[in-house]
Structures are given as C-alpha cells and as structure tokens.
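K.L.:
Encoded as structure tokens, here's the structure I'll be asking about.
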Amino acid sequence: MTDRVPVLKIGEILLVSIQFDLEDQTVLDLQEDLSNRIVATGAKGVVIDISALEIVDSFVGRMLATNASISRILGAETIVVGMRPAVAMTLVELGLSLNGVRTAMNLERGLKLLRRLAAGRA
Amino acid sequence: MKDYGTAVATAETVEVTTSSDVVNARQVVRTLAQRGGLPLVHQTKLVTAASELGRNMLIYGGGGVVRAALVADSGRSGVYVEFRDQGPGIPDIETAMQDGWTSGSGLGLGLSGAKRLVDEFDIATGEGGTTVRIVKWGR
C-alpha cells in the first residue's frame, strides 16, 4: 500500500518527477514501472527529476544507476536532473559516483541533452 | 565516543519495523538537525547516514528502535542518533565496516558510508543485537 511515482509520456520522452520522500518499495516499483513504460511506449528518452529529493542514499542511488542501464538496453537514454548540491556532495562522500548516469542541472537542460543525443544517434 | 545517555532520556523515539518507519525516522532526524541549526550539507549527510543505518537495522537486525536527540558540547550543538536492534549481531565487524562488503543484496556502503558522513560513530554488536550511535555536529 505504497504511493507510486507517476511516469508521464511527452512525445518520445518519459518524465518522472519525484515529489515525495521515497520508501524502498516505492523505489522498486518505480524501477519496474519505468521499464514497462519504456517498452510499452517505445520511448527514446527518460528524464528523472530529483530536485525535490532532500536525500539520495545508496538505495536510491543504485536505482538511478540501474535504471540508466536498463533503459539503455531497452533503447532509451536516461538523464537525471535537478540534483541538489548538498545531495551531490553527500553521494560522493558516501562512495557512490553514479557512473554511467547522465545528469543535467535542470529539466530544460536535460531535454536539450536528450535531443542532442537523439540527433547524434539518427 | 562520549556517553550521551542523558540526551537519550529526552530523545525522540521511532520504532522501525517497516521501510516506511525508516522514512519517519529520517524525518525526525531532519527536523532535529534543522532545530539544532546544522548547515544544510551537514543535515543532508546526517539524514543520509540515518537512512543507511535505519535500513541496515531493518534488513539485518530485523528492525529496532531509533532514538534521536539534540546534544551540546563546548558551545556547539549537534544531533545524536542511536540505532538499536536485537538481531543476531554482526559476526565479523571489521569486514562489515569495509567498503563494498555486503552480506546481502546491497552495495556494501551502509556502514562504511554512514561512518564517513558523520563526526562520531560507534558500533557495538553481539549476540544480543547491534547498537550504532552517531553524532553530527554543527559548524
């Protein structure tokens, strides 16, 4: 009985905006929902907005990295946007470097990056 | 680590038996950190450490109790958090404290990562369970 994070489709992009503090089950649900939606919609890009997240611990960090890998295998690039500076500093000290995860300052830059990646692939 | 027993007497307590309790514990710790005037980065590090340790306690210790309180020492204020479970204990604590070592499905950053994020860290483990105590100081 946990809340689910909505996955919105805009054109060929899936947008996930995380607006509340996540418990572990919600994180796992999101991973599954997102993979299913990528396949169902044929999305080419995923943007995950974490600007509302006050912390990213190893569990959420691992979800972000795993999501990026799964999406790539399914043909979609993932951009994580809006990470707070304090969160980035904490993640690095925790020992998580989020290798393989593309990031952008905000949603606008994330979308721009996705378009550029799509143009490069075409 | 100093004895913060007097602080614990007035501590806020969260019983952790599900992953949503870990979220509650995080929020209690965050509120205390804000009340104690910790800078934002320190708050974030403390709450992240609390999240790691709370999850560890739930997964490996079968749940337990989180106690958190404001503490003061030579003019500075900080937040003390204690995680106490009655699980099986950690057989090889030195190995468990190493980066990348995990007995479960995690990344092995829980204990070692949490230790890096706080100013004081103490762990006592045995057959009666595990207690982790941490302190994060303000400026």
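The values are calculated or read from the model by the stated rules, or taken from the named source; none is laboratory data. Being a predicted model, the structure only gives us computed values, none of them experimental. Note that we place each Cβ from the backbone using ideal geometry, even for glycine, and neighbour counts take in every protein chain shown. Heavy atoms of the whole protein, side chains included, go into the accessibility calculation; ligands, DNA and RNA do not. Shrake-Rupley method; radii C 1.70, N 1.55, O 1.52, S 1.80 Å.
K.L.:
Rounded to the nearest percent, how much of the accessible area of region A:7-117 (1.4 Å probe, protein heavy atoms only) is carbon and sulfur?
P.N.:
The nonpolar share, carbon plus sulfur, comes to 55 percent.
K.L.:
With unit charges on the beta carbon (Lys/Arg positive, Asp/Glu negative), name the residue among A:VAL46, B:GLY110, A:MET89 whose Cα is farthest towards the positive pole of the charge dipole of the protein assembly as shown.
P.N.:
A:VAL46
K.L.:
On to the next question. What residue among B:GLN98, B:SER74, A:GLY11 has its Cα farthest toward the positive end of the dipole of the protein assembly as shown, where the charges are +1 on Lys, Arg and -1 on Asp, Glu, each on the Cβ?
P.N.:
Farthest towards the positive end: A:GLY11.
K.L.:
If R₀ is 30 angstrom, what is the calculated FRET efficiency for the pair B:VAL41 and A:GLU108, using the beta carbon separation as r and rounding to 0.05? Present the calculation step by step, with values, prior to reporting the outcome.
P.N.:
Working: r = 26 Å, r/R0 = 0.86.
It comes out at approximately 0.70.
K.L.:
Determine, from the Cβ-Cβ distance of A:ASN36 and B:ASP99 and an R0 of 35 Å, the FRET efficiency 1/(1 + (r/R0)^6), rounded to the nearest 0.05.
P.N.:
Calculated transfer efficiency: 0.55.
K.L.:
What residue among A:ALA88, A:ALA76, A:ALA65 has the largest mean-square fluctuation in a Gaussian network model of chain A, using Cα springs under 10 Å?
P.N.:
Taking springs between Cα atoms under 10 Å, the residue moving most is A:ALA88.
K.L.:
Under 28 Å Cα-Cα from A:LYS44, which lysines qualify once same-chain neighbours fewer than 8 residues away are excluded?
P.N.:
Leaving aside lysines fewer than 8 places away in the same chain, those within reach of A:LYS44 are A:LYS9, A:LYS112.
K.L.:
Is the shape of chain A best called rounded, prolate or oblate, per the rule: a/c under 1.5 gives rounded, else a/b larger than b/c gives prolate, else oblate, with a ≥ b ≥ c the square roots of the Cα gyration tensor eigenvalues?
P.N.:
oblate
K.L.:
Got a sec? Which residues of region B:35-79 lose 20 Å² or more of accessible surface with every protein chain in place, vs. that chain alone, 1.4 Å probe?
P.N.:
Residues passing the criterion (a loss of at least 20 Å², heavy atoms only) are B:VAL41, B:THR44, B:LYS45, B:THR48, B:GLU52, B:ARG55.
K.L.:
Shifting gears a bit: If you roll a 1.4 angstrom probe over the protein chains with everything in place, what fraction of the accessible area of chain B belongs to carbon and sulfur, to the nearest %?
P.N.:
48 percent
K.L.:
Something else about it: What does the charge dipole of chain A about its Cα centre add up to, to the nearest 20 debye, if the Cβ of each Lys and Arg holds +1 and the Cβ of each Asp and Glu holds -1?
P.N.:
Dipole magnitude for chain A comes out near 840 debye.
K.L.:
Additional query: Given a 1.4 angstrom probe, what's the average accessible area per residue across chain A, in square angstrom?
P.N.:
Heavy-atom accessible area per residue stands at 50 Å².
K.L.:
Taking the dipole about the Cα centre of the protein assembly as shown, with the C-beta of Lys and Arg at +1 and of Asp and Glu at -1, give me whichever of B:VAL65, B:THR48, B:ALA9 is farthest to the positive side.
P.N.:
B:THR48
K.L.:
Given +1 on the Cβ of Lys and Arg, -1 on the Cβ of Asp and Glu, and no further charges, what dipole in debye does the protein assembly as shown carry about its Cα centre, rounded to the nearest 20?
P.N.:
So the magnitude is around 1220 debye.
K.L.:
Okay, moving on. What size of dipole, in debye to the nearest 20, comes out for chain B about its Cα centre when the only charges are +1 on Lys and Arg C-beta atoms and -1 on Asp and Glu C-beta atoms?
P.N.:
620 debye
K.L.:
Apply the a/c threshold of 1.5 to the C-alpha gyration tensor of region A:1-53 and tell me whether it is rounded, prolate or oblate.
P.N.:
Since a/c reaches 1.5 but b/c is at least a/b, the shape of region A:1-53 is classed as oblate.
K.L.:
Tell me the mean residue ellipticity at 222 nm calculated for chain A from its helices only (DSSP H runs of n ≥ 4, each -39500 (n - 2.57), averaged over every residue, nearest 500).
P.N.:
Working: 4 runs with 59 residues, N = 122.
After summing the helix terms and dividing by the residues of chain A, the value is -16000 deg cm²/dmol.
K.L.:
Is the shape of chain B best called rounded, prolate or oblate, per the rule: a/c under 1.5 gives rounded, else a/b larger than b/c gives prolate, else oblate, with a ≥ b ≥ c the square roots of the Cα gyration tensor eigenvalues? Working shown, then result.
P.N.:
On the way: a/c = 1.59, a/b = 1.50, b/c = 1.06.
In terms of gyration-tensor shape, prolate.
K.L.:
May I pose another question? Can you give the extra length, in nm with one decimal, that the chain gains between A:ARG115 and A:LYS9 once fully stretched, where that is 0.36 nm per residue apart less the Cα-Cα distance?
P.N.:
Difference between extended and current length: 36.6 nm.
K.L.:
What lysines does B:LYS45 reach when the alpha-carbon gap must be under 20 Å and sequence neighbours fewer than 8 apart in one chain are set aside?
P.N.:
B:LYS115, B:LYS136
K.L.:
Counting only protein heavy atoms and rolling a 1.4 Å probe, how much accessible area do A and B lose on contact, total for both sides, in Å² to 100?
P.N.:
Between A and B, the summed buried area is about 1900 Å².
K.L.:
Still on this structure: Would you give the gap between the C-alpha center of region B:116-139 and the C-alpha center of region B:1-39, rounded to a whole Å?
P.N.:
Taking the Cα centre of region B:1-39 as reference, the centre of region B:116-139 is 13 Å away.
K.L.:
Suppose each label sits 7 Å from its Cα in the direction of the beta carbon; what would the B:SER20-A:VAL92 distance come out to in nanometres?
P.N.:
Roughly 3.7 nm, to one decimal.
K.L.:
With N denoting the number of residues in the protein assembly as shown, provide Rg(C-alpha) divided by 2.2 N^0.38 Å, to two decimal places. Walk me through the intermediate numbers first.
P.N.:
Details: Rg = 19.4 Å, N = 261, 2.2 N^0.38 = 18.2 Å.
So the protein assembly as shown has a normalised radius of gyration of 1.07.
K.L.:
Based on the Cβ-Cβ distance from A:ARG72 to B:SER77, what FRET efficiency comes out when R0 is 45 Å, to the nearest 0.05? Can you show the working numbers first?
P.N.:
Numbers: r = 46 Å, r/R0 = 1.02.
Rounded to the nearest 0.05, the efficiency is 0.45.
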